[in-house]
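To start, the structure itself, in C-alpha cells.
No value in this document is a laboratory result; all are computed from the given coordinates. Quick caveat, the model's predicted, so the values are computed rather than measured. So basically every Cβ, Gly included, is an ideal-geometry build from the backbone, and we count neighbours across all protein chains shown.
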Amino acid sequence: MHSNPIDPATLIWRKSRHSDGGNGCVEVAVSDAAPSDALHKADRGPLVLIRDSENPNGPVLAFTDLELKAFFGGIKDGEFDDLL
C-alpha cells in the first residue's frame, strides 16, 4: 500500500469540449506526482490520470507524459487504425 496515495477527489477533472455533455466519455486530470513509494516508473514526476466519467469512483489509469506522447503519436501515425 502506498504511503501517500493520490486522492482523485482532490483533483480537477476535465472532459473534452467535444463531449456531448453526457457521461459516456472519459475525464482527465493531472496529479503533481505519484506516491513516494510507487513501484511504477511514474514515481518520477507528474501523472496524467484518466477515468470513466460514468464511474468516477472506479479505477483510474495513470500515465507519464512520455507514455501519453508515445500513444498519441501512434494515433496520429495511424498505428491503431486497423483496430476499429
Response to the item:
In order over segment 58-68: 3J(HN,Hα) from phi, Karplus 6.51/-1.76/1.60, θ = phi - 60°, whole Hz, x for each Gly or Pro, gives x, x, 10, 8, 10, 9, 7, 4, 5, 4, 5
Worksheet item: Can you give the FRET efficiency for residue 18 and residue 66, using 1/(1 + (r/R0)^6), R0 = 22 Å, r = Cβ-Cβ distance, to the nearest 0.05?
Response: 0.30
Worksheet item: Whose amide H sits under 5 Å from the amide H of residue 53, counting only residues 5 or more places off or on another chain, with H placed in the peptide plane?
Response: 25, 26, 27
